Amino acid sequence: MNPILEVVSLKKYYPVRGGLLPGRRGFVQAVEDVSFTIAKGETLSIVGESGCGKSTVGRAVLRLTEPTEGQILLDGWRIDKIPVPQLRKLRRHMQVVFQDPFSSLSPRMTVRDIIAEPLVNFGLAKGRAEIDDRVAGLLDKVRLPRDAMRRLAHEFSGGQRQRICIARALAPSPALIICDEAVSALDVSFKAQIVNLLTDLQDELGLALLFISHDLAIVEHMTHRVAVMYLGSIVEIADRRSLFSRPSHPYSRALLSSVPAPDPTASRRRIVLTGEVPSPINPPSGCRFHTRCPYVFDRCRTEVPKLRARTEATYFGATQLAACHLDALPAL
Ligand code: SF4
């Protein structure tokens, strides 16, 4: 299946300045050699602790930050290279839903004007009647009453505001929606409702979703594939079932051990990692995880492990890939 989004060897370094002398002191290596694809109708989740680089990947895909190296292709278009006027047109096909529905909606605009904004900006609807009609249809899609149009965003609850954000994202009929911690700020009951809404919309519209989240329980519930990031790099990428039942990287195994098992009669043994996450200004040599890995051996300190296949194709032709020198994880 042809990917809607293809990210190839993406790097994002931020210069570090300061100290007594002018000039750069080094770089924050926020994203290091990240590659993945997302197909039409597929959800890929990127998970990891805060600061692992997952949101930077999303911002680079949207070109809210310029990649340092690598390629980003949206339906074959090199969006990392495209000039800004063309990029503006292409943005119609990739939309974003951010974490905080309270700050991402103007308190002075009506819901109608918020949702109509992309329709007007991209020239997708003209005239009051047509715009009202399109906005009403989008409110139906996100299951809000049509009379919400005349009200201000601050009159709604957090979950309802996130529905307004989703309606705005859907307005230009995008191929890809990036959800950057889109349910993290919501109460538990609203989280489930928003996730169910997103998956229903995906089934109906064939949307590709890039779901960036630290909430592993939500990810386990709704994603097709998962990429696990540690210190700027993907350490494992696999279909949901393989990853959650049989993680093949020591970091994934530790990260996922904190998620309650969906079956309450089963239990996951909690693995607590020792040490702190190293600085992305001066990451460890070899395997970036070697300073905290319980299975570290000499080779890990000098040689960067490449992502290697661990299982045969399981989903969308995907394999389970892990960046580890071990052929298999020791039993717990
Ligand atoms: Fe651990 Fe070595 Fe594998 Fe890195 S390469 S995860 S340090 S065993």
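The values are calculated or read from the model by the stated rules, or taken from the named source; none is laboratory data. The shown structure was predicted, so the numbers you read here are calculated from the model rather than taken from an experiment. Here the Cβ positions follow ideal geometry from the backbone for every residue, glycine too, while neighbour counts run over all protein chains shown. Areas reflect the complete protein model, heavy atoms only, side chains present, ligands, DNA and RNA absent. Shrake-Rupley method; radii C 1.70, N 1.55, O 1.52, S 1.80 Å.
Put the Cα centre of segment 232-257 next to the Cα centre of segment 70-108 and the gap is 29 Å.
Work out the FRET efficiency for ARG143 and ASP187 from their Cβ-Cβ distance, taking R0 = 22 Å, and round it to the nearest 0.05. Computed FRET efficiency for ARG143 and ASP187: 0.80.
Whole-Hz Karplus values for segment 54-63 come out as 5, 6, 5, 4, x, 5, 5, 4, 7, 6 Hz, taken residue by residue from phi with 6.51 cos²θ - 1.76 cosθ + 1.60 and θ = phi - 60°; glycine and proline positions read x.
For the chain, what is the calculated [θ] at 222 nm in deg cm²/dmol (nearest 500), taking -39500 (n - 2.57) for each run of four or more DSSP H residues and dividing by its residue count? Don't skip to the end; give the middle numbers.
Details: 9 runs with 91 residues, N = 332.
Per the formula, -8000 deg cm²/dmol.
All Cα-Cα separations within segment 23-148 were binned at 5 Å from zero, giving a P(r) of 2, 8, 15, 17, 17, 16, 13, 8, 4, 1, 1, 0, each value a whole percent of the pairs. What the Cβ-Cβ distance of ASP132 and HIS221 gives, at R0 = 41 Å and to the nearest 0.05, is a FRET efficiency of 0.70. With the Kirkwood sum run over all distinct C-alpha pairs, the chain has a hydrodynamic radius of 21.2 Å.
Please work out the FRET efficiency for the pair LEU64 and THR110, using the Cβ-Cβ distance as r and a Förster radius of 35 Å; give the result to the nearest 0.05. Calculated transfer efficiency: 0.85.
Carbon and sulfur atoms: what percent of the 1.4 Å accessible area of segment 120-271 do they account for?
Values: 3060 of 6250 Å².
Carbon with sulfur: 49 percent of the solvent-accessible area.
Please report how far the C-alpha centroid of segment 173-225 lies from that of segment 1-56, rounded to the nearest whole angstrom. Measuring centre to centre over Cα atoms gives 21 Å.
Restricting things to alpha carbons, find the Rg to Rh ratio for segment 1-46 using the Kirkwood radius for Rh.
Details: Rg = 16.7 Å, Rh = 13.1 Å.
A ratio of 1.27.
Once the chain from SER35 to GLU117 is taken as fully extended at 0.36 nm per residue, the excess over their C-alpha distance is 26.2 nm. With only the Cα atoms considered, segment 126-253 has a convex hull volume of 125 Å³ per residue.
Expressed in nm to one decimal, what extension gain is obtained for the pair VAL16 and GLN71 from 0.36 nm per residue of sequence separation less their Cα-Cα distance? Mind showing how you got there, number by number?
Working: separation 55, 0.36 × 55 = 19.80 nm, distance 2.39 nm.
Full extension of this stretch gives 17.4 nm more.
Relative protection proxy for 271-280, 62-71, from highest mean packing down: 62-71, 271-280 (other beta-carbon atoms within 10 angstrom). The modelled label-to-label distance between ARG301 and GLU49, using points 7 Å beyond Cα along the C-beta direction, is 2.2 nm. In sequence order, segment 286-302 has phi-based couplings of x, 6, 5, 8, 5, 6, 10, 7, x, 10, 4, 9, 3, 4, 4, 7, 10 Hz under the Karplus curve 6.51 cos²θ - 1.76 cosθ + 1.60, θ = phi - 60°, and Gly or Pro positions carry x. Of LEU64, LEU216, SER50, which is farthest towards the positive pole of the chain's charge dipole, taken about the Cα centre with +1 and -1 on the beta-carbons of Lys, Arg and Asp, Glu respectively? The one lying farthest along the dipole's positive direction is LEU64.
Give me the accessible area per residue for segment 1-132, probe 1.4 Å, as a whole number in Å². Each step should come with its number before you reach the end.
Numbers: 6950 Å² over 132 residues.
For segment 1-132, the solvent-accessible area averages 53 Å² per residue.
Taking 0.36 nm per residue of sequence separation and subtracting the Cα-Cα distance, how much length would be gained by fully extending the chain between ARG25 and LEU273, in nm to one decimal? List each step's numbers first, then the result.
Values: separation 248, 0.36 × 248 = 89.28 nm, distance 3.03 nm.
Taking 0.36 nm per residue and subtracting the Cα distance, the gain is 86.2 nm.
For the chain, lysine pairs with C-alpha atoms less than 30 angstrom apart, excluding pairs fewer than eight positions apart on the same chain, total 28.
Label sites at LEU124 and ARG308, each approximated as a point 7 angstrom past Cα along Cα to Cβ, lie 4.5 nm apart.
Put simply, the amide H of GLY26, placed in the peptide plane, has neighbours under 5 Å in VAL16, leaving out anything fewer than 5 places away on its chain.
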